[in-house]
1. Which condition number does Ser170 fail, the rest of (1) assigned to a strand (DSSP E or B); (2) closer than 28 Å to Ala129 by Cα being met?
2. For the stretch 24-57, which positions are touching a Gly at 6+ places or on another chain (Cβ under 9 Å), more than 25 Å from Ile292 (Cα to Cα) and charged (D, E, K, R)?
3. How about the stretch 139-181: which of its residues are of a type outside the set (A, V, I, L, M) and either touching a Lys or Arg at 6+ places or on another chain (Cβ under 8 Å) or not assigned by TED's automatic domain parsing to the domain that holds Pro106 (or both)?
4. In the stretch 61-78, which residue that is under 18 Å from the mean Cα position of the chain (by Cα) and not in a helix (DSSP H, G or I) is modelled with the lowest pLDDT?
5. Within the stretch 106-131, track down each residue that is closer than 23 Å to Trp75 by Cα and crowded, with 20+ Cβ neighbours inside 10 Å.
6. Among the residues of the stretch 42-59 satisfying the criterion of being of a type in the set (A, V, I, L, M, F, W, C) and in contact with a helix residue (DSSP H, G or I) (Cβ under 9 Å, 6 or more places away or on another chain), which is surrounded by the fewest Cβ atoms within 10 Å (Cβ to Cβ)?
7. I'd like the full set of residues that are in a loop (DSSP other than H, G, I, E, B) and either free of Cβ contacts under 8 Å to residues at least 24 places away in the same chain or touching a Ser or Thr at 6+ places or on another chain (Cβ under 6 Å) (or both), limited to the stretch 7-39.
8. Considering the stretch 222-243 alone, what residues qualify as being exposed (fewer than 15 other Cβ atoms within 10 Å of the Cβ) and farther than 15 Å from Glu281 by Cα?
Amino acid sequence: MSEKPVLTLGLPKGSLQRFTIDLFEKAGYKVLLLDRSYTPVVDDPEIECLMFRAQEIARYVERGVLDVGLTGKDWILESDAKVIEVADLVYSKSTAKAYRWVLAVPEESPIRRVQDLEGKRIATELVQATRRYLQAHGVNAEVEYSWGATEIKAPLLVDAIVEGTETGASLKANHLRVIDTVAESTTKLIASPEAWADPWKREKIEVLAILLKGALEAEARVGLKMNVPKDKLEIVSNQLPALHTPTISNQVDPDWVALEVILDKRDARDLIPRLKKAGAEGIVEYPLNKVIY
């Protein structure tokens, strides 16, 4: 009897962990993580999960220890891993924006551009990517690994830092000034070349990518449904964003229709009062789990 095929999935432990597990649940995969466990259980018998730090996942996928995993583009660059980038999932630890690694110096520093770092010292977790960045700009500088608290090391220990940021708030709080962006990173669904070449695993990975992207797309959207008198349908429809075509259904009462539309979550707050004023009734806003185009 042939052994049942299994896809080995790596999930990031740490700052991306909670959002990633929530995203999988919206995609339809229930992930159970016991305290201090590195082997989450997923309610799909064809998937086995392991948890690693995001910094390690690209290397393990490249080696085939994992068939597929989620990690940041920054750590793919840092490890120079040869993996298949299956899908771009634009989320980070606290926002739905790309994560930036920036070159920063103390506010009072005379350094104004990357070329001013010639012969200087830089601290960062992203050592290899920073070295490649400096090389691309023709700058010879010392790059040392930072084990944490990188923001406080300039100017006490180094001349500049390369640090990851989403909002820039921590940099400002530590009186640092951004010189340039070294790299931008979003979360990537990646696969090993061996898994991608396997027809069963590739199809499983592609299905996973579709569902995760659909769940992420739904994060920024909501559904609206309402009842509209036919004689006010044009007025109500004109309130809707031009890119969103509503679904219109007849009701038992021939003078009314039901209207339903999917739109950006940020638009709903201002739109609902206008729809009510235009004649819509029974307006319901509801969350979405997946939006797949």
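1. Exception for Ser170: condition (1).
2. If the condition is that a residue be touching a Gly at 6+ places or on another chain (Cβ under 9 Å), more than 25 Å from Ile292 (Cα to Cα) and charged (D, E, K, R), then Arg53, Glu56 are the ones that fit.
3. Narrowing the stretch 139-181 to residues of a type outside the set (A, V, I, L, M): 140, 142, 144-148, 150-151, 153, 155, 159, 163-168, 170, 172, 174-175, 177, 180-181.
Matches in the stretch 139-181: Glu142, Glu144, Ser146, Asp159, Gly164, Thr165, Glu166, Asp180, Thr181.
4. Gly72
5. First, the residues of the stretch 106-131 that are closer than 23 Å to Trp75 by Cα: 114, 121-131.
Scanning the stretch 106-131 gives Ile122, Ala123, Thr124, Glu125, Leu126, Ala129, Thr130.
6. Just the residues of the stretch 42-59 that are of a type in the set (A, V, I, L, M, F, W, C), to begin with: 42, 47, 49-52, 54, 57-58.
Among the residues that remain, those that are also in contact with a helix residue (DSSP H, G or I) (Cβ under 9 Å, 6 or more places away or on another chain) are: 42, 47, 50-52, 54, 57-58.
Values: Val42: 19, Ile47: 20, Leu50: 17, Met51: 20, Phe52: 21, Ala54: 24, Ile57: 30, Ala58: 28.
In this case the residue turns out to be Leu50.
7. First, the residues of the stretch 7-39 that are in a loop (DSSP other than H, G, I, E, B): 14-16, 28-30, 33-39.
Lys30, Leu33, Leu34, Asp35, Arg36, Ser37, Thr39 - these are the residues of the stretch 7-39 that are in a loop (DSSP other than H, G, I, E, B) and either free of Cβ contacts under 8 Å to residues at least 24 places away in the same chain or touching a Ser or Thr at 6+ places or on another chain (Cβ under 6 Å) (or both).
8. Matches in the stretch 222-243: Asn238, Pro241, Ala242, Leu243.
The values are calculated or read from the model by the stated rules, or taken from the named source; none is laboratory data. No experiment lies behind these values; they were computed from the predicted model shown. Note that we place each Cβ from the backbone using ideal geometry, even for glycine, and neighbour counts take in every protein chain shown.
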